[in-house]
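Shown next, in structure tokens, is the structure this report addresses.
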Amino acid sequence: MTIRGPAFFVAHTGKSKRKEGFEMDKETMSVQELSARMGISLPKAYALVKEPDFPVIRIGTRILIPTDAFKEWLVIHSQKG
């Protein structure tokens, strides 16, 4: 089996990297990544993505969180305190 094109892998930093060392920020994250990033349980993360004002993209059964929209949501909700 031959795979062609640039090779990508996900580092623990949450960024995709090419073999050549070029870094690219991920545009979305999974619910599991959200859980780890926020330091909350997976059930709490799933409850959060069901909130009406939380930014999500649904593709079939897959739930993705746009990273830029998540950062904006976090700033807005941290100010409500």
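Just so it is clear, none of the values below were taken in a lab; they were calculated from the coordinates. Model, not experiment: these values are computed from the prediction. Virtual Cβ from ideal backbone geometry, glycine too; neighbours counted across all protein chains shown.
At the listed q of 0.14, 0.20, 0.22 Å⁻¹, the Debye profile of the range 27-80, built from one uniform point per Cα, gives log10 I(q)/I(0) equal to -0.32, -0.67, -0.82.
If only the Cβ of Lys and Arg carry +1 and only the Cβ of Asp and Glu carry -1, the dipole of the range 27-80 around its Cα centre is close to 180 debye. Packing, taken as the mean count of other beta carbons within 10 Å per residue, orders the peptides 71-79, 27-35 from highest to lowest as 27-35, 71-79.
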